[in-house]
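Following: one structure in structure tokens, then a few remarks.
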Amino acid sequence: MAAEPRSHDCVFPATKKRGQDDFDSDDFYPSKKAMLPPGGVWEDPAAALASARHEFGEHGGVNMSIEASATFTVMEPETMRRMFAGELGPDRDFFIYSRHFNPTVLNLGRQMAALEATEAAYCTASASVLLQLCSSGGHVVASRELYGGTHALLSHFMPRACNITTSFVNITDLEAVSSAVVEGQTKVLYFESISNPTLTVANIPELSRIAHDKGLTVVVDNTFAPMVLSPAKLGADVVVHSITKYVSGGADIIAGAVCGPASLVNSMMDLRQGALMLLGPTMNAKVAFELSERIPHLGLRMKEHCNRAMVYATRMKKMGLKVIYPGLEEHPQHQLLKSLANKDYGFGGLLALDMVTEDRANKLMNQLQNVTQFGFMAVSLGYYETLMSCSGSSTSSEMNEEEKEVAGISPGLIRMSVGYVGTLDQKWAQFEKAMSRMPK
Ligand SMILES: Cc1ncc(COP(=O)(O)O)c(C=O)c1O
């Protein structure tokens, strides 16, 4: 059997040696109180991450060991029965099978929970949370400004496969959100903290208040704003992420996370009814380890993404370009974001540059990549290099022309995920050079 796991444990009770049964708790996750740093007040995502449990390696390594096993042994046959009955769980180092909880994936979940100030988290394809929260016949109210894949999931896949329907609304119109709720049928309010690609900032406290008054669960996609916004601190119940983006930072891993109440995460893992357990979008432990190693510098990366995005947006505006960035005073939700954001991270690392026509957008991106080497034409975001794509014909192409128009996605809109490689002056000179070569 493995040696007793080591952990530098600020917030979680130490895990027990296998076989040392403990009957005190029947929860897979410790209590909400346990997620708080010593002193009890959650102030900042970086502080919370630094206070989360640090797993050491099997041999005392500063990094945790990777638990690569698909299956786990027990000392006594009775233990197996008790694990399947939910009496013994991962909080006491009892694991069944890695489609269910895995120690390395669970550790990444603890980091994501600390980052998002939620009671628990598990790393997986996040769409599974909607299947857990809604049953057949259920209804979702969602923002009309969503990543194209999420829009397609809600408007096409879920009605067909699960009989779950969605009404899309303008989430800046709180009346419209409230009116779209169908009593007894609507289960979830779903929106992005900062929308893709239009960069609309959600009024998370007000939207959560409206949703909670009507008994809904608030699910917020915080992919665009980790560290910058903490939706759960602002009233949301569940925070989902595409970890593929900023959390990974390397554009080399596809992954997601669901951060929320322990009861929800545990229900998703239920052996009989859990969407995560039964559909099986399981993360590999080796991937979870890689991601765990990147989270400690997420804050530093976010600050530089945001800093450069702010500088570029300001300078683009001065050049007379039509730029959308929530850090600019004229952005409709600038003051709102200022009031909601965590201190010192900035206003996000994405900006949108409206070149009006797709042809001009393509010409500019061609210059920026193939002539001046400012960045890459590629979808996705959160990479150290700048990534640019024309949203209407790429990541929002799942939407029809009318839906794009309603969502404010003009044909010439370039979404730019601002990277941090090179010096700022070097990169800005590359942008200016590309602009100077554009036909008038
Ligand atoms: C806001 C948002 N949510 C979710 C996703 C989906 O990400 P993944 O491919 O990691 O599932 C994306 C992808 O671009 C996104 O921008």
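The values are calculated or read from the model by the stated rules, or taken from the named source; none is laboratory data. What you see is a predicted model; the values in this text were computed from it and never measured. We place every Cβ from the backbone using ideal geometry, glycine too, and count neighbours over all the protein chains shown.
Here are the numbers for this structure:
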item: Among (1) surrounded by fewer than 22 Cβ atoms within 10 Å (Cβ to Cβ); (2) more than 22 Å from the chain's Cα centre (by Cα); (3) within 16 Å of the ligand (Cβ to nearest atom), the one test that residue 352 misses; result: (2)
item: Leading residue by the ranking (farthest from residue 418 (Cα to Cα)) among those in the stretch 192-219 that are in contact with a Phe, Trp or Tyr (Cβ under 6 Å, 6 or more places away or on another chain) and assigned to a loop (DSSP other than H, G, I, E, B); result: 202
item: Among (1) within 16 Å of the ligand (Cβ to nearest atom); (2) at pLDDT 95 or above - the single one residue 268 does not satisfy; result: (1)
item: Those residues of the stretch 121-169 which are in contact (Cβ under 8 Å) with a residue 60 or more places away in the chain, away from the ligand (no atom under 16 Å from the Cβ) and not in a strand (DSSP E or B), in sequence order; result: 132, 133
item: Filter result (out of contact with any strand residue (DSSP E or B) (no Cβ under 7 Å at 6 or more places or on another chain) and aliphatic (A, V, I, L, M)) within the stretch 317-342; result: 319, 328, 340, 341
item: Any helices (runs of 4 or more DSSP H) falling wholly within the stretch 350-440 and containing at least 2 residues that are farther than 21 Å from residue 153 by Cα and hydrophobic (A, V, I, L, M, F, W, C); result: 358-366, 424-436
item: Residue list for the stretch 83-114, filter: touching a strand residue (DSSP E or B) at 6+ places or on another chain (Cβ under 7 Å), crowded, with 21+ Cβ neighbours inside 10 Å and within 20 Å of residue 278 (Cα to Cα); result: 105, 109
item: Test: residue in the stretch 115-133 that is touching a Phe, Trp or Tyr at 6+ places or on another chain (Cβ under 7 Å), within 27 Å of residue 289 (Cα to Cα), surrounded by 19 or more Cβ atoms within 10 Å (Cβ to Cβ) and of a type outside the set (A, V, I, L, M); result: yes
item: Residue 309 being within 16 Å of the ligand (Cβ to nearest atom) and touching a residue at least 60 places away in the same chain (Cβ under 8 Å); result: yes
item: Inter-residue pairs, beta-carbon under 9 Å, first under 25 Å from residue 224 (Cα atoms) and in the stretch 256-275, second within 16 Å of the ligand (Cβ to nearest atom) and of a type in the set (Phe, Trp, Tyr), 6+ apart; result: 257/122; 258/122; 259/122; 265/122; 268/122
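Condition check ((1) modelled with pLDDT of 95 or more; (2) within 15 Å of the ligand (Cβ to nearest atom)) across all residues:
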site	(1), (2)
249	yes, yes
275	yes, no
281	no, yes
292	yes, no
296	yes, no
299	yes, no
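Okay, residues lined up against (1) modelled with pLDDT of 95 or more; (2) closer than 22 Å to residue 181 by Cα; (3) within 13 Å of the ligand (Cβ to nearest atom); (4) not charged (D, E, K, R):
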position	(1), (2), (3), (4)
208	yes, yes, no, yes
216	yes, yes, no, yes
222	yes, no, yes, yes
239	yes, yes, yes, yes
242	yes, no, yes, yes
245	yes, no, yes, no
253	yes, no, yes, yes
